[in-house]
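Asker: Below are the structure tokens for one structure; questions will follow.
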Amino acid sequence: MIVDDEPDMRQYLVGFLEKEYRMSQVRDGKQALELAGELLPNLLLLDLMIPELDGLEVCKRLKRDPKTRNIKIILLTARVDEEAKLTALQNGADDFLTKPFSRSEVETRLRNLLETARLESQLIDRNRELVDTLGELKETQANLVRSEKLNALGGLAAGLLHEVNNPLNYVISAIQLARMESDVKNSEALTEYFEDIDEGVSRIRNIVTDLHTFAHPLETEKTRPFSLSAAVESALRFTANERSDIATPVELEPGDQVVGSQGHVVQVLVNLITNACSAIRALKGARPGEIAIRSERQEDRVRVSVSDNGIGMDESTLSRVFEPFLRQRTWAME
């Protein structure tokens, strides 16, 4: 784009540049700003002394605007003093030509600026690629960390299950033998005590088994039939402490046998329930907390919903809600 109020100068420049460039012409600074924002030319030959807005002001405004800041600008001036050149560069000019100038000088400077613009564009593209790649690497690293956490938890759970199972078996066997004794059978109080002990020991075994399945589900377990209510009960056991003062009504459709990975279903439920607890506590007791778990049969599938009356989730958290160990930042700060 040529910006000059002298027709002879515009005609002279167009005469030898139109064979190599697509050209547009403007006579004043106001038109230059409007048309440059519309056409986004690669190069601008901009006269310093033009009507409406002078060349320095046009240059300054174009370089401030993110849309036009990459346009290369050569300022045309009749001034030869050092101060004029410095002023031009300080206002964003990429180069300047002192009148009168030769055809070869104009052509050379234009080619150099075009090559500079091409290299800058390549550099921007490469930087963008590097940023994208870095983001992917960070996401991969985060996924690996989460995977390692689950693997470590699975190994810990497997060792815990092995160490706890034998003593539990001894205790369960002892309880069964004790309950067969006539003194226990004839005593209502002792019978009740042993029932409570039996229930507590069974709960310990269930928790350890659930922990192992939760942390390290086997491939063979991913397509097994299981009870949805049992999965919900496991998730509620894991979150019992967090839900200590939060009502948790459960409404499941009858006939809750499904096929899939019970461990993965429990993982999802635990994440949702934990997030719901955090959302409720963020309200700081504004109203009684409640987390409702419901199921609804839809043809050959079962839809399970977990809802709460907390503060809700922002879009970023909602898109990542199924990730292990996720916490919403605003909840953590509170």
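The values are calculated or read from the model by the stated rules, or taken from the named source; none is laboratory data. Because the structure is predicted, anything quoted here is derived from the model rather than measured. Heads up, the Cβs are rebuilt from the backbone with ideal geometry, glycines too, and the neighbour counts pull from every protein chain shown.
Yes/no matrix, rows are residues, columns are (1) in contact with a Leu (Cβ under 9 Å, 6 or more places away or on another chain); (2) under 20 Å from Asp5 (Cβ atoms); (3) not aliphatic (A, V, I, L, M):
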position: Gly55; (1), (2), (3): yes, yes, yes
position: Lys63; (1), (2), (3): no, no, yes
position: Lys67; (1), (2), (3): yes, no, yes
position: Ala78; (1), (2), (3): yes, yes, no
position: Phe101; (1), (2), (3): yes, yes, yes
position: Ser104; (1), (2), (3): no, no, yes
position: Leu114; (1), (2), (3): yes, no, no
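Asker: Tell me which residues, restricted to region 281-306, are in a strand (DSSP E or B) and either surrounded by 11 or more Cβ atoms within 10 Å (Cβ to Cβ) or among the small types (Gly, Ala, Ser) (or both).
Answerer: Correct list: Glu290, Ile291, Ala292, Ile293, Arg294, Ser295, Glu296, Arg297, Val302, Val304, Ser305, Val306.
Asker: While we're looking at this one, here's another question. For the subset of region 82-113 comprising residues that are charged (D, E, K, R) and in contact with a helix residue (DSSP H, G or I) (Cβ under 8 Å, 6 or more places away or on another chain), which member is surrounded by the fewest Cβ atoms within 10 Å (Cβ to Cβ)?
Answerer: Taking the candidates together, the pick is Arg103.
Asker: So Gly312 fits all but one of (1) modelled with pLDDT under 80; (2) of a type outside the set (Ser, Thr, Tyr); (3) under 17 Å from Leu228 (Cβ atoms); what number is the exception?
Answerer: All conditions are met except number (3).
Asker: On to the next question. Evaluate the following for Glu120: is it outside the structural domain of Glu20 (by TED's automatic domain parsing) and more than 24 Å from Arg64 (Cα to Cα)?
Answerer: No.
Asker: Shifting gears a bit: Considering only helices (runs of 4 or more DSSP H) fully contained in region 1-79, which possess at least 1 residues that are crowded, with 16+ Cβ neighbours inside 10 Å and basic (Lys, Arg)?
Answerer: Numbers: elements: 7-17, 29-39, 55-64.
So the answer is 7-17, 55-64.
Asker: Within region 175-227, count every residue that is in the same structural domain as Thr239 (by TED's automatic domain parsing) and at pLDDT 80 or above.
Answerer: 4
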